[in-house]
Amino acid sequence: MDIDRPNIEEYLTPDSINNTSHQKLLLRDLLDISPVLTEAAGAIIDDSFTRCFKSNPPERWNWNIYLFPLWCFGVVVRYGILFPVRVLVLTIGWIIFLSSFIPVHFLLKGNDKWRRKLERYLVELICSFFVASWTGVVKYHGPRPSMRPQQVFVANHTSMIDFIVLEQMTAFAVIMQKHPGWVGLLQNTILDSLGCIWFNRTEATDREIAARKLREHIKGSDNNPLLIFPEGTCVNNQYTVMFKKGAFELGCTVCPIAIKYNKIFVDAFWNSRQQSFTMHLFRLMTSWAVVCDVWYLEPQSLKPGETPIEFAERVRDIISVRAGLKKVPWDGYLKYSRPSPKHTEQKQQIFAESVLRRLEDK
């Protein structure tokens, strides 16, 4: 819609136009009626919130008679050869993992030190099998994270596979949203042995309990390094939304991690509203490869006079610059909620008052 287009009559009903007036009505004149209309038009033109959670389909390249046979050959290779091989690799990995994890978990309960060490190694092993099932090409930059008290790791979040990609290098304890199905089963059994913390974002009591467990976890010198995704939701690896301040008001060192996926073979973004995690894994396992870079960045501490919110924004700047992501001033939780009726009524009241003032002036 062109705001300088004179024939605004195409967008209005005949009854709403004064037929006696011969003056052309511009769309920008219509937008001048109220700042609310201007704000709405701006939101439609530049909807930076929706773009953060939008899957971008790859451009089609099999559009002519020369490329189409190559594309068909690639489909046969990916689905007929690579996918069965990858399923076999993942199956072998689960057999090795379960045949080792179950005895270790139940037979070494009297020796917590060795049990935790072996469980940590086995979780890293199964995550490596997962990455191998995608033909994952992951390049890690920077020193490997170590187990130290009073530190927490924070990373941008594109998919639940972020955890797997990081876990194959270091057995993190993660704070994560509870999930249903087989993912929830893994959370309550295998990942619980790492000291992971689960919460339900719709339950206020869960958030309070998670915050308390988080403070207790970072005090232990033998606990696995704690990993938090402060965005609170999956973003499409082109943007970063606001970081929650919980990880930045603990009074401990914050270690940023930047994750950037290359979309040359597959888009690793998990749109949980459009597909289950099982289908997401299927899409990864039927792609050519998952290419990813991970940067372990310099640890950061709260500066004198700096608020936790400012600290969170400073760390978000560091991650965004390193991974080449765009910052947007949105709360990721808005993805799961509708605007409150109070906010909607307030906007309606502002619009009604502006229209009344306009009518009174005439």
- request: Within segment 243-273, track down each residue that is among the hydrophobic types (A, V, I, L, M, F, W, C) and not in a loop (DSSP other than H, G, I, E, B).
  value: 247, 248, 254, 255, 257, 258, 259
query: Got at least one residue in segment 122-133 being charged (D, E, K, R), modelled with pLDDT of 90 or more and surrounded by 11 or more Cβ atoms within 10 Å (Cβ to Cβ)?
result: yes
- request: Kindly state which helices (runs of 4 or more DSSP H) lie completely within segment 65-160 and contain at least 2 residues that are touching a residue at least 24 places away in the same chain (Cβ under 8 Å) and among the aromatic types (Phe, Trp, Tyr).
  value: 83-107, 112-133
message: For segment 60-74, give me each residue that is within 18 Å of residue 289 (Cβ to Cβ) and either loosely packed, with under 12 Cβ neighbours inside 10 Å or in contact with a strand residue (DSSP E or B) (Cβ under 9 Å, 6 or more places away or on another chain) (or both).
response: 61, 70, 73
task: Could you figure out which of (1) within 26 Å of residue 182 (Cβ to Cβ); (2) among the aromatic types (Phe, Trp, Tyr); (3) modelled with pLDDT of 90 or more; (4) within 16 Å of the chain's Cα centre (by Cα) isn't true of residue 282?
output: (4)
- line: Scanning segment 145-171 residue by residue, the ones that are buried (at least 24 other Cβ atoms within 10 Å of the Cβ), more than 11 Å from residue 257 (Cα to Cα) and touching a strand residue (DSSP E or B) at 6+ places or on another chain (Cβ under 7 Å) total 2
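The values are calculated or read from the model by the stated rules, or taken from the named source; none is laboratory data. Predicted model only: the values in this text are computed from it and were never measured. Don't worry about glycine lacking a Cβ; one is built from the backbone with ideal geometry, like all the others, and counts go over all protein chains shown.
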